[in-house]
Amino acid sequence: MIHRLIKSIDTAVNFKTVKAHCDIPCKIYDPSTAQLAALSCVRLMDLIKEVEDKGTLGVTDYAQVARLVTEKESASTEVKEAVRIIWGDYFKAPRFEQLPNAHQLTHSIMLQASKCKQSIARQEGEKLVELVNEFAAAFWLTKGVKTYTAACPYPPALDVVYPDLKA
């Protein structure tokens, strides 16, 4: 009913349509969200393995695994969303010229994140972190920001590409 009322008013007044080039044209993009989510996938895979290594499992253990799997899948989805937004909203023609493999890299991340949703194999998570790091390095390159690689200071202690903001 409200929709019909607003549509009637719009038809009578003929409001102009407003469009933006992205969801929120704030120009704030950062691949760290995808990096943290990819690291979370690996950490959650490690935690699932810890439960498996206990041997005999009880109901509490099964409930814990269910929660860990749900969070792993959520983190995988978060990787996909964060990368998709940067790829779709930030990357434009000049950046694609700078990074001719951007489409392939983004697609590879999407596929790898899906593998992480389907698997608990740590190597799948590690591959996702590698791809997201490659994406982060490419992103910072387009900004003219140097990067460095260092182990993250928390589990799973994998290498992460960071912007060198002091350079």
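The values are calculated or read from the model by the stated rules, or taken from the named source; none is laboratory data. What you see is a predicted model, and the numbers here were worked out from it, not measured in a lab. All Cβ positions, even for glycine, are placed from backbone atoms using ideal geometry, and neighbour counts span all protein chains on display. Protein only, heavy atoms only, side chains kept; ligands, DNA and RNA dropped before computing areas. Shrake-Rupley method; radii C 1.70, N 1.55, O 1.52, S 1.80 Å.
Does segment 89-100 contain any residue that is closer than 18 Å to VAL132 by Cα and at pLDDT 95 or above?
Within segment 89-100, none of the residues are closer than 18 Å to VAL132 by Cα and at pLDDT 95 or above.
Scan segment 107-153 for residues that are of a type in the set (Lys, Arg) and within 24 Å of PRO94 (Cα to Cα) and jot them down.
Filtering segment 107-153 for residues of a type in the set (Lys, Arg) gives 115, 117, 122, 127, 143, 146.
Those that are of a type in the set (Lys, Arg) and within 24 Å of PRO94 (Cα to Cα): LYS143, LYS146.
So, ALA113, is that one of a type in the set (A, V, I, L, M) and under 19 Å from the mean Cα position of the chain (by Cα) or not? Don't jump to the end; show me each part of the working.
Numbers: of a type in the set (A, V, I, L, M): yes; under 19 Å from the mean Cα position of the chain (by Cα): yes.
Taking the combined requirement at face value, the residue satisfies it.
Can you pull out the residues in segment 116-159 that are at negative phi, more than 14 Å from the chain's Cα centre (by Cα) and among the hydrophobic types (A, V, I, L, M, F, W, C)?
ILE120, ALA121, ALA137, ALA138, TRP140, LEU141, VAL145, ALA150, ALA151, CYS152, LEU158
Any idea how many residues of segment 78-102 are assigned to a helix (DSSP H, G or I) and either crowded, with 16+ Cβ neighbours inside 10 Å or touching a residue at least 60 places away in the same chain (Cβ under 8 Å) (or both)? Steps first, please.
Step one: filter segment 78-102 for residues assigned to a helix (DSSP H, G or I), giving 78-90, 93-98, 102.
From what's left, either crowded, with 16+ Cβ neighbours inside 10 Å or touching a residue at least 60 places away in the same chain (Cβ under 8 Å) (or both): 78-80, 82-83, 85-90, 95, 102.
Residues meeting the conditions: 13.
Can you tell me which residue in segment 115-161 is least open to solvent (accessible area, probe 1.4 Å), limited to those that are within 21 Å of TRP87 (Cα to Cα), free of Cβ contacts under 8 Å to residues at least 24 places away in the same chain and outside any helix (DSSP H, G or I)?
VAL145
Does THR60 satisfy being outside any helix (DSSP H, G or I), polar (S, T, N, Q) and either over 17 Å from the mean Cα position of the chain (by Cα) or farther than 29 Å from ALA137 by Cβ (or both)? So that I can check it myself, show each step before the final result.
Values: outside any helix (DSSP H, G or I): no; polar (S, T, N, Q): yes; either over 17 Å from the mean Cα position of the chain (by Cα) or farther than 29 Å from ALA137 by Cβ (or both): yes.
Taking the combined requirement at face value, the residue does not satisfy it.
Take the conditions surrounded by fewer than 19 Cβ atoms within 10 Å (Cβ to Cβ), of a type in the set (S, T, N, Q) and part of a helix (DSSP H, G or I) and apply them to GLN112. Does it pass?
Numbers: surrounded by fewer than 19 Cβ atoms within 10 Å (Cβ to Cβ): no; of a type in the set (S, T, N, Q): yes; part of a helix (DSSP H, G or I): yes.
So GLN112 fails the test.
Determine which single condition SER8 fails, assuming it passes every other condition in (1) open to solvent by 100 Å² or more (accessible area, probe 1.4 Å); (2) modelled with pLDDT under 90.
So SER8 meets the others, but not (1).
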